[in-house]
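Taking it in order: structure first as structure tokens, then the write-up.
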Amino acid sequence: MLPFHFSAILSINLPVCLTIHFVIDIVNGGWNSWQAWGAWSSCDRACGRGRRVRYGVRECNNPSPKNGGARCPGSHIRKNSGSCLLKHCPVNGSWSVYGPWGKFSECSKTCGAGAQSRYRHRTCNNPKPQYGGRNCTGPSIKPETSPCNTNPC
């Protein structure tokens, strides 16, 4: 609604032939320009992606409503929100699954009960530790030993 002025003349006839005229100037309110945005609020998360807000205001004084004129339509406050990232959250490391078994080593003896070994590996990358997160705990290698050359010498 645009601001407007409306004037009305009110006549009152009183006994004794006295007439009084009143001029009522009705003025609807009009918005002023938006003021500059206020400061951003603090981020709603200590780490990782969060949200923050800021506000802008305007006044209903261009012109101000008078003599029963309508107030300005809408709100005098507007809100703006945006994303924020103060720092990344720590990511703790986790192990991948073990890979395939490697080949057995040569037997430790040619006769008389020797042993042979093989290994499988895993890595700390599921996910890898980041931003101060903990490393994986435990071994990254899994051994397996098997008897070999069990014939007596």
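Among the residues making up region 96-125, those that are part of a loop (DSSP other than H, G, I, E, B) and in contact with a Phe, Trp or Tyr (Cβ under 8 Å, 6 or more places away or on another chain) are W101, G102, R122, T123, C124. On the given criteria, is K87 open to solvent by 60 Å² or more (accessible area, probe 1.4 Å) and within 30 Å of C153 (Cβ to Cβ)? Here the answer is no, as K87 does not meet what is asked. In summary, R122 fulfils each of the numbered conditions (1) open to solvent by less than 50 Å² (accessible area, probe 1.4 Å); (2) touching a Cys at 6+ places or on another chain (Cβ under 8 Å) with the single exception of condition (2). May I ask you to verify whether G112 is closer than 30 Å to S146 by Cβ, surrounded by fewer than 12 Cβ atoms within 10 Å (Cβ to Cβ) and small (G, A, S)? Here the answer is yes, as G112 does meet what is asked.
Just give me the residues in region 105-139 being within 52 Å of the chain's Cα centre (by Cα) and touching a residue at least 40 places away in the same chain (Cβ under 8 Å), in sequence order. Passing the criteria: Q130, Y131, G132, G133, R134, N135, C136, G138. Among the residues of region 19-47 satisfying the criterion of being open to solvent by 90 Å² or more (accessible area, probe 1.4 Å) and at pLDDT below 95, which is farthest from N61 (Cα to Cα)? Only one residue tops the list, namely H21. Contact map, region 47-60: residues that are in the same structural domain as Q35 (by the TED database) paired with residues that are open to solvent by 40 Å² or more (accessible area, probe 1.4 Å) and β-branched (V, I, T), Cβ distance under 7 Å, separation 6+ or inter-chain. Pairs shown: Y55/I77; V57/I77. Residues in region 126-153 that are in a loop (DSSP other than H, G, I, E, B), closer than 21 Å to H88 by Cβ and either open to solvent by less than 90 Å² (accessible area, probe 1.4 Å) or basic (K, R) (or both): P127, K128, P129, G132, G133, R134, C136.
Here the condition is being open to solvent by less than 40 Å² (accessible area, probe 1.4 Å) and in a loop (DSSP other than H, G, I, E, B); of G56, G74, G93, it holds for G93 alone.
Scoring Y98 on the criteria (1) assigned by the TED database to the domain that holds P129; (2) open to solvent by 80 Å² or more (accessible area, probe 1.4 Å) leaves a single failure, condition (2). Quick check on my filter: what residues within region 77-90 are in a loop (DSSP other than H, G, I, E, B) and of a type in the set (K, R)? Within region 77-90, K87 is the sole residue that qualifies. Among the conditions (1) free of Cβ contacts under 8 Å to residues at least 24 places away in the same chain; (2) assigned to a loop (DSSP other than H, G, I, E, B); (3) hydrophobic (A, V, I, L, M, F, W, C), the only one that V23 does not satisfy is (2).
The values are calculated or read from the model by the stated rules, or taken from the named source; none is laboratory data. Note that the structure is predicted; figures quoted are calculated from it, not measured. Positions of Cβ are backbone-derived with ideal geometry, glycine not excepted, and every protein chain shown enters the neighbour counts. The accessibility values were calculated without ligands, DNA or RNA, using every heavy atom of the protein model including side chains. Shrake-Rupley method; radii C 1.70, N 1.55, O 1.52, S 1.80 Å.
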